[in-house]
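K.L.:
First the structure, which I've put down as structure tokens, then a few questions once you've had a look.
The values are calculated or read from the model by the stated rules, or taken from the named source; none is laboratory data. Here the structure is a predicted model, which is why all the values come from computation and not from measurement. Heads up, the Cβs are rebuilt from the backbone with ideal geometry, glycines too, and the neighbour counts pull from every protein chain shown. To get the accessible areas, we keep the full protein, side chains included, count just its heavy atoms, and leave off ligands, DNA and RNA. Shrake-Rupley method; radii C 1.70, N 1.55, O 1.52, S 1.80 Å.
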Amino acid sequence: AQKITQTQPGMFVQEKEAVTLDCTYDTSDQSYGLFWYKQPSSGEMIFLIYQGSYDEQNATEGRYSLNFQKARKSANLVISASQLGDSAMYFCAMREGPGAGGTSYGKLTFGQGTILTVHP
Amino acid sequence: DTGVSQDPRHKITKRGQNVTFRCDPISEHNRLYWYRQTLGQGPEFLTYFQNEAQLEKSRLLSDRFSAERPKGSFSTLEIQRTEQGDSAMYLCASSLRRTYEQYFGPGTRLTVT
């Protein structure tokens, strides 16, 4: 069974500083994908960044980068130069691989989230 | 706006009533997912459609829940005989490929009184 663990219920960061949000995962699949989503207070889930299990380089998207350590099964999100608008809930999610049965429809398993607060 | 849309955004209903939610995915996306999110938790998968076929259902989807996607376009999620435990945010997402990111709608927040 897939499992995502986010151990930081809340994080605080000063504006313009960098912050790392932790995510560890557990899977027996060789092929899988890891995602980070942002959920502001409005409720909509906003896709931030994706890392495939076979990708050798860490993913980057603007101020977001994903620190992927496959052997440790971690996929931490790094936000550089934090902005006030970054204050939100952040979810790490994993897309399952085909598994032994050879069928996967791409459903996501989410962690419990980390609330990030950016102080001015 | 060409994103995923959901209707209604909020629904308050009394226990025992039936409710129906609608999701309109991004037009070229053939994959559609429903998730449920309770307060303080991450979303949990409910069901998946590929075109009009419902290919996967979670054990969370009790027999009071039914979902459809006629003609492979919009989807509806119906909850019959609602219970207070059904109070949650119901999120719809669509995707073009299994390996691609899923784009989420704004959600329907259900409150059962």
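K.L.:
Find all pairs meeting these conditions: Cβ atoms under 7 angstrom apart; at least six residues apart or on different chains; first residue within the stretch B:70-95 and open to solvent by 10 Å² or more (accessible area, probe 1.4 Å); second residue among the acidic types (D, E).
P.N.:
These pairs meet every condition: B:P70/B:E52; B:K71/B:E52; B:G72/B:E52; B:F74/B:D24; B:T76/B:E68.
K.L.:
Please go through the stretch A:52-61 and pick out each residue that is open to solvent by less than 80 Å² (accessible area, probe 1.4 Å) and either more than 11 Å from chain B (Cβ to nearest Cβ) or in contact (Cβ under 8 Å) with a residue 40 or more places away in the chain (or both).
P.N.:
Once the filter is applied, which keeps residues that are open to solvent by less than 80 Å² (accessible area, probe 1.4 Å) and either more than 11 Å from chain B (Cβ to nearest Cβ) or in contact (Cβ under 8 Å) with a residue 40 or more places away in the chain (or both), the stretch A:52-61 yields A:S53, A:D55, A:N58, A:A59.
K.L.:
Output yes when any residue across the stretch B:48-58 is surrounded by 14 or more Cβ atoms within 10 Å (Cβ to Cβ), among the small types (G, A, S) and either closer than 20 Å to B:T99 by Cβ or in contact (Cβ under 8 Å) with a residue 12 or more places away in the chain (or both), and no when none is.
P.N.:
yes
K.L.:
Exactly one of these conditions fails for A:S65: (1) more than 25 Å from B:N30 (Cβ to Cβ); (2) surrounded by fewer than 17 Cβ atoms within 10 Å (Cβ to Cβ). Give me its number.
P.N.:
(2)
K.L.:
Something else now. Take the conditions open to solvent by 40 Å² or more (accessible area, probe 1.4 Å), part of a loop (DSSP other than H, G, I, E, B) and among the polar types (S, T, N, Q) and apply them to A:Q8. Does it pass?
P.N.:
No; evaluated as a whole, the condition is false for this residue.
K.L.:
Can you name every residue in the stretch B:20-37 that is more than 12 Å from the chain's Cα centre (by Cα) and either within 11 Å of chain A (Cβ to nearest Cβ) or not polar (S, T, N, Q) (or both)?
P.N.:
Selection gives B:I26, B:E28, B:H29, B:R31.
K.L.:
Those residues that are open to solvent by less than 10 Å² (accessible area, probe 1.4 Å) and in contact with a His (Cβ under 9 Å, 6 or more places away or on another chain), I need them from the stretch B:103-113; list them, please.
P.N.:
Within the stretch B:103-113, B:T108, B:L110 meet the criteria.
K.L.:
Right, another one. Which residues, counting only those in the stretch A:39-50, are buried (at least 21 other Cβ atoms within 10 Å of the Cβ) and not aliphatic (A, V, I, L, M)?
P.N.:
A:Q39
K.L.:
Condition first: facing chain B (nearest Cβ under 10 Å) and farther than 23 Å from B:T38 by Cβ. Can you find one or more residues in the stretch A:68-85 that meet it?
P.N.:
No, the conditions are met nowhere in the stretch A:68-85.
K.L.:
Does the stretch A:83-97 hold any residues that are modelled with pLDDT of 95 or more and more than 25 Å from B:P106 (Cβ to Cβ), and which are they?
P.N.:
None - no residue of the stretch A:83-97 is modelled with pLDDT of 95 or more and more than 25 Å from B:P106 (Cβ to Cβ), so the list stays empty.
K.L.:
Failed condition for B:F45, given (1) open to solvent by 30 Å² or more (accessible area, probe 1.4 Å); (2) among the hydrophobic types (A, V, I, L, M, F, W, C); (3) within 27 Å of A:T7 (Cβ to Cβ), with all others met?
P.N.:
(1)
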